[in-house]
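Enquirer: Pasting in a structure now, in structure tokens, and then I'll have a few things to ask.
The values are calculated or read from the model by the stated rules, or taken from the named source; none is laboratory data. Quick caveat, the model's predicted, so the values are computed rather than measured. Cβ sites come from the backbone with ideal geometry, for glycine too, and all protein chains shown count toward neighbours.
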Amino acid sequence: MRISSKGRYALAAITYIAREGNSGENISLNDIASALGISKLYLEQVFTQLKKAELVSSVKGARGGYRFVHPPSKLTVWNVLRSVENSLAETSEPTVPDNAPDVEMALMEKVFAPLDDAIRTILDAVTIQDLLDVANHQIEVQSYMLNL
């Protein structure tokens, strides 16, 4: 499995919103783009999909921007990636079902189905709050190292 830049940027942007919007503030795409070094135009595409998946909501105007629909502790990496990665939620396709159904069944039972399940299980076990906790810890470590 390979996560595209769209998926990686979506996770980075969502984690940034979790950190900066913790008081319920709206976070603008300009702020996200500037802080993360990601094209605002590209983020617009990402957030269109995140909004369609009802992971974020938007407010227009001078104090507009994006905020979570659910708390970061209830939002998983699976939720985010599934909304922007079209192929992520697809299950493995058959390999040789017509010519060798026995081989096909063995492949599905022992390789592809468990792999699909494992990917979902791992991604669904990590919340955006988990990512935020690790990011915040890294900031603390960096701050400590600078003060030595």
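Enquirer: Output the residue which, of all residues in the range 75-93 that are touching a Leu at 6+ places or on another chain (Cβ under 6 Å) and either aromatic (Phe, Trp, Tyr) or within 13 Å of ILE17 (Cβ to Cβ) (or both), is surrounded by the fewest Cβ atoms within 10 Å (Cβ to Cβ).
Expert: Among those that are touching a Leu at 6+ places or on another chain (Cβ under 6 Å) and either aromatic (Phe, Trp, Tyr) or within 13 Å of ILE17 (Cβ to Cβ) (or both), it is TRP78.
Enquirer: May I ask you to list the residues in the range 73-112 that are free of Cβ contacts under 8 Å to residues at least 12 places away in the same chain, closer than 24 Å to LEU50 by Cα and hydrophobic (A, V, I, L, M, F, W, C)?
Expert: Once the filter is applied, which keeps residues that are free of Cβ contacts under 8 Å to residues at least 12 places away in the same chain, closer than 24 Å to LEU50 by Cα and hydrophobic (A, V, I, L, M, F, W, C), the range 73-112 yields only ALA89.
Enquirer: If you take the residues in the range 33-54 that are among the hydrophobic types (A, V, I, L, M, F, W, C) and touching a Lys or Arg at 6+ places or on another chain (Cβ under 8 Å), which one is surrounded by the most Cβ atoms within 10 Å (Cβ to Cβ)?
Expert: Residues of the range 33-54 that are among the hydrophobic types (A, V, I, L, M, F, W, C), as a first pass: 33, 35-36, 38, 41, 43, 46-47, 50, 53.
Subsequent filtering for residues that are touching a Lys or Arg at 6+ places or on another chain (Cβ under 8 Å) retains 33, 46, 53.
Details: ALA33: 18, VAL46: 24, ALA53: 14.
Looking at the filtered set, the residue picked out is VAL46.
Enquirer: Has the range 119-135 got any residue that is in contact with a Lys or Arg (Cβ under 7 Å, 6 or more places away or on another chain) and in a helix (DSSP H, G or I)?
Expert: For the range 119-135, residues in contact with a Lys or Arg (Cβ under 7 Å, 6 or more places away or on another chain) and in a helix (DSSP H, G or I): present.
Enquirer: Before we move on, is ALA13 outside any loop (DSSP other than H, G, I, E, B), among the hydrophobic types (A, V, I, L, M, F, W, C) and farther than 30 Å from PHE112 by Cβ?
Expert: Taking the combined requirement at face value, the residue satisfies it.
Enquirer: Related question: Restricting the range 40-60 to residues that are in a helix (DSSP H, G or I) and among the basic types (Lys, Arg), which is nearest to THR127 (Cα to Cα)?
Expert: LYS51
Enquirer: Pairs please, first residue from the range 14-26 and farther than 14 Å from LEU55 by Cβ, second anywhere and part of a loop (DSSP other than H, G, I, E, B) and of a type in the set (D, E, K, R), Cβ atoms under 8 Å, 6+ apart in sequence or on different chains.
Expert: Every condition considered, the pairs that remain are ASN26/ARG63.
Enquirer: Looking only at the range 107-143, count how many residues are surrounded by 12 or more Cβ atoms within 10 Å (Cβ to Cβ), at pLDDT below 95 and among the hydroxyl-bearing types (Ser, Thr, Tyr).
Expert: Counting residues in the range 107-143 that are surrounded by 12 or more Cβ atoms within 10 Å (Cβ to Cβ), at pLDDT below 95 and among the hydroxyl-bearing types (Ser, Thr, Tyr) gives 0.
Enquirer: I'd like to know if the range 94-106 contains one or more residues that are surrounded by 14 or more Cβ atoms within 10 Å (Cβ to Cβ) and not in a loop (DSSP other than H, G, I, E, B).
Expert: Scanning the range 94-106, I find at least one residue that is surrounded by 14 or more Cβ atoms within 10 Å (Cβ to Cβ) and not in a loop (DSSP other than H, G, I, E, B), so the answer is yes.
Enquirer: Six or more apart or on different chains, Cβ under 6 Å: which pairs go from a residue in the range 61-72 that's in contact (Cβ under 8 Å) with a residue 12 or more places away in the chain and closer than 18 Å to THR127 by Cβ to one that's polar (S, T, N, Q) and part of a loop (DSSP other than H, G, I, E, B)? Could you list them?
Expert: ARG67/ASN26
Enquirer: Yes or no: PRO72 surrounded by 16 or more Cβ atoms within 10 Å (Cβ to Cβ) and not polar (S, T, N, Q)?
Expert: When the stated conditions are applied, PRO72 passes them.
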